[in-house]
1. For every other residue with a beta carbon closer than 13 angstrom to the beta carbon of Gly236, add +1 if it is Lys or Arg and -1 if Asp or Glu, then tell me the sum.
2. Which FRET efficiency, nearest 0.05, do Thr9 and Ser321 yield, Cβ-Cβ r, R0 25 Å?
3. R0 = 41 Å: FRET efficiency of Thr68 with Arg166, Cβ-based, nearest 0.05?
4. Could you check the simple spin-label distance between Glu518 and Glu488, using points 7 Å along Cα→Cβ, in nm with one decimal?
5. Any chance you could look up the accessible area of Leu311 with a 1.4 Å probe, heavy atoms only, rounded to 10 Å²?
6. Which loop trypsin sites (Lys or Arg not before Pro) in segment 413-490, with loop taken from DSSP, have no more than 13 other Cβ atoms within 10 angstrom of their Cβ?
7. Would you kindly find the accessible area of Phe391, with a 1.4 Å probe and non-protein molecules such as ligands, DNA and RNA excluded, rounding to the nearest 10 Å²?
8. Leaving out ligands, DNA and RNA, what percent of the accessible area of segment 318-428 is carbon and sulfur, probe 1.4 Å?
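The values are calculated or read from the model by the stated rules, or taken from the named source; none is laboratory data. Here the structure is a predicted model, which means the values were calculated and not measured. Note that each Cβ is placed from the backbone with ideal geometry, even for glycine, and that neighbours are counted across all protein chains shown. Ligands, DNA and RNA are stripped out before the accessible areas are found, and what is left, the full protein with its side chains, is counted by its heavy atoms. Shrake-Rupley method; radii C 1.70, N 1.55, O 1.52, S 1.80 Å.
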Amino acid sequence: MIAKPQNVTFEVWAPAATTVDLVFALPIPIPDSDSRETAIVRAKTPPERAQLQFRGMERGEGGWWRGTVDGGDGTGGTGDGTGGTGDGAGGGMDYGFRVDGEGPYPDPRSRRQPHGVHELSRTFDAGAHSWQDAAWTGRQLAGSTIYELHLGTFTPEGTLDAASARLNHLKSIGVNFVELLPVNAFNGTHNWGYDGVLWYAVHEGYGGPAAYQRFVDACHAAGIGVIQDVVYNHLGPSGNYLPVFGPYLGEAGGTTWGSSVNLDGPDSDPVRAYIIENALMWMRDYHVDGLRLDAVHALHDERATHLLEELAAEVAALSASAGRPLTLIAESDLNDPQLITPREAGGYGLDAQWSDDFHHAVHVALTGETVGYYADFEPLGALAKVLTRGFFHDGTYSSFRGRVHGRRIDTERMPAWRLVVGSQNHDQIGNRATGDRLTAQLDAGQLAIAAALTLLGPFTPMLFMGEEWGARTPWQFFTSHPEPELGEATAKGRIGEFARMGWDPNVVPDPQDPATFERSRLDWDELAEPGHRRVLAFYRALGALRRGHPDFTDPRFDRVRVGFDEAEHWLRFRRGETEVLINFGVEPRVVPSGAGAVLVSLAASGDAVLGREPGSLLLAPHAVVVLDAAR
């Protein structure tokens, strides 16, 4: 049977262009191979350019250009303005665009960049995957536990397929969602992911888009949802060709990471559509269950309807159509509950937001660090306030910012699960001078305290990869910019940030040094060591408590009661009828308690409970005890 040729249609938005040419290289058979690959892909040298084919595109309404080519035997599929489609398994057609005689440039909506962000795009057929998750009905965020991981350092292989093999481990600690750091295409081999420039493409080093679909299928088969971290507030410094095509970048003040995105200026409608369509793509074509929206405070949007509200409405419509929950989580520095207030109540309608205040309060209580933004969290009362009111800065003075910060949460109406918290995450570890985890400073008892506060507190807990066994490997800031000047500028910028925090710049590792990346890989062999197994067993016990005791997933703020002693450094919090007792100090402490049985406990060494009297427990130093309701 001979496959019939298919026409492949491509479109691109370039409103100011005089001419746009479709650039393509038809796939040809590779000897001794059943697959088809593109012979000419790099297209940068004169000989390569001479072998490319160029076809003028027609200008349509709204600055959209369209062009059609013969797809040969049909493996190229059809392009639809989202990067085209292909066979999803290594075939497809390589293509790009020439704008006013310059280029070729990759497709802004490219689904694949097999040879890097400066090269031609490759078509990918997202519909070719045979999904196995028909029985998956999704998972709500309320009552769930999130696990944040970076694909390049989670496993030795650093791929999506390798991560799939670790899902049973995540299930053993009660994980309900895995949250992937950004996977979009960036320049270089390894990166945190926040330097992405082609938001629709999955980094080839992780396995590309087909591997991403396999990973989501595997997660759903394991009963785990997928949250994808996405960056819509800036683009990376290398390979960003969007300004060649149109006014994607705004004239408003830039962000910390570069130029802002044009959300409210002239010709911003297609830019907003570019972002919203990308968000829907993850949920529709890759069956992702939610998005973590990076640094939404850096989205400059003065329209009456903010991009976040528009996005929430579109995702809600897709959720209704798909018949499963779809979740939007904001990372925000604003401490503003308007983000997570439903749209019908005048808010933006996002489902949840990160709360750094929780991290800071826990970190200071355990480490005693009070430099930089930690300063305001020195009293133990800061942690007590966070546990009962969500934010510490809720209209209070922030010494780090030099001004009043935040707004109060209406705790009578707002469910606590809308705040996502963690004692560690990629930012709070990686943005330290040496990328040191809590393990570098704390003993097992203190790590257990951090775990109990996170997993048994009133919020949605998020764990950072490896914390569940007290991983000793650091997680440092690493880049692989091929351009030396970018690497040097990045290193200097990091040193400047640390100077503000009062950290020694001389100990900051070079982000461009490959050893910085290698040091940051998890060492799974640590699980064979008794100390790490002890910490992991405690995390598993806490996960079982969350699943087995409704008190620990109750979302009502008024069901959380906290007592503490600033001088003796102990804290007690109750979740309904169960309670958690904590001794932060280096000496045994008598802590008031109920008469319930001990459900789980851990201390730095030995028994956590050294004695018990009616109405109190004698807790060992650096110890945590969870008590059941009195019977």
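1. -3
2. Values: r = 25 Å, r/R0 = 1.01.
So, using R0 = 25 Å, E works out to roughly 0.50.
3. After rounding to 0.05, the efficiency reads 0.40.
4. Simple spin-label model gives 2.5 nm for this pair.
5. Surface open to solvent at Leu311 totals about 0 Å².
6. Sites meeting the loop and neighbour criteria: Arg413.
7. 0 Å²
8. Details: 1780 of 3990 Å².
For segment 318-428, the apolar C and S fraction of the accessible surface comes to 45 percent.
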